[in-house]
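Rule-based calculations on the coordinates, nothing more; no lab input. Fair warning: this is a prediction, and the values are worked out from it, not measured in the lab. Cβ sites come from the backbone with ideal geometry, for glycine too, and all protein chains shown count toward neighbours.
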Ligand SMILES: [Zn+2]
Ligand SMILES: [Zn+2]
């Protein structure tokens with residue numbers, strides 16, 4: 001876990017407020033649930049995370065039950081570019097906090113209640129953007145010019161998803 005700085009804490013609390021405004025109108029969230037969501041500590045993930053955009057961390061209490069320790073969001077979500085997606089990710093984590101632990105059909109139905117439909121589909125774009133930030137290599141298709149940002153070289157072992165040509169390793173500083 002990474003300790004959030006002052007600016008990140010302010011951004012996280014702003015997100016919490018805007019997500020709770022929406023959740024207050026949802027009939028499945030009661031006062032106890034809202035109080036829990038108001039009190040859960042918010043933090044940030046490591047900035048080099050790519051696949052994980054948010055996470056709810058649990059700890060075992062002395063009586064053996066699970067209690068929420070923290071909800072962490074990717075720090076890049078706290079920039080204005082990703083504001084709408086950040087709200088949706090926090091909503092997703094808040095559903096976990098309320099007790100829906102698994103991504104089952106019920107969870108997905110609740111998740112789909114989030115009113116910003118466009119934000120619900122931004123996960124793959126965010127993953128792609130985070131990979132591109134860290135990429136040292138651009139696996140490049142010499143046939144159709146499709147590009148895949150990657151940290152490691154492909155060493156001729158990977159085919160283009162579109163046209164099945166062997167991808168070439170191009171250093172990112174030359175690819176831009
Ligand atoms: Zn989840
Ligand atoms: Zn290709």
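Considering Cα pairs under 8 angstrom that are at least six residues apart, work out the relative contact order of the chain and quote it in whole percent.
The value is 15 percent.
More than 22 angstrom separation, counting every C-alpha pair in segment 73-176; what % is that?
For segment 73-176, the fraction of Cα-Cα distances above 22 Å is 48 percent.
Would you mind checking the tilt of helix 123-134 against the longest principal axis of the Cα atoms of the chain, expressed as 0 to 90 degrees and rounded to 10?
Relative to the chain, helix 123-134 is tipped by roughly 60 degrees.
Can you compute the label reach from residue 133? Point 7 Å from Cα along the Cβ direction, backbone N cut-off under 18 Å, restricted to segment 82-115.
Backbone N within reach: 82-90.
If we count other beta carbons within 10 Å of each Cβ, what is the order of 96, 53, fewest first? All intermediate terms of the calculation are to be shown ahead of the outcome.
Details: 96 19, 53 24.
Final ranking by Cβ density, sparse to dense: 96, 53.
Mind checking which of 57, 46, 106 has the largest fluctuation in a GNM of the chain, springs on alpha carbons under 10 Å?
The residue with the greatest mean-square fluctuation here is 106.
Expressed in nm², what is the orientationally averaged projection area of the convex hull enclosing the Cα positions of segment 135-175?
Working: hull surface 9.4 nm².
Dividing the Cα hull surface by four gives the mean projection, 2.3 nm².
Which length gain, in nm to one decimal place, applies between residue 155 and residue 109 when the Cα-Cα distance is subtracted from 0.36 nm times their residue separation? Spell out each step's value before the answer.
Numbers: separation 46, 0.36 × 46 = 16.56 nm, distance 4.25 nm.
Length difference between fully extended and current span is 12.3 nm.
Mind pulling the angle between the C-alpha long axis of helix 83-97 and the longest principal axis of the chain? Nearest 10 degrees, somewhere in 0 to 90.
Roughly 50 degrees, rounded to the nearest 10.
Residue separation times 0.36 nm, minus the C-alpha to C-alpha distance between residue 39 and residue 5: what's the value?
Gain in length upon complete extension: 10.4 nm.
Do the sum for the chain: with -39,500 (n - 2.57) for every DSSP H run of n ≥ 4, divided by all residues, what is the mean residue ellipticity at 222 nm, to the nearest 500 deg cm²/dmol?
On the way: 6 runs with 65 residues, N = 176.
Mean residue ellipticity at 222 nm (helix-derived): -11000 deg cm²/dmol.
Distances longer than 20 Å among the Cα atoms of segment 6-127: what percent of all pairs is that?
Of all Cα-Cα pairs in segment 6-127, 40 percent lie more than 20 Å apart.
Note the angle between two axes, namely the Cα long axis of helix 6-23 and the longest principal axis of the Cα atoms of the chain, as a number of degrees from 0 to 90, rounded to the nearest 10.
The angle comes out near 70 degrees.
Hey, fewest Cβ within 10 Å first, where do 140, 63, 79 land in order? Let's see the in-between values first.
Details: 140 19, 63 6, 79 10.
With the fewest neighbours first, 140, 63, 79 line up as 63, 79, 140.
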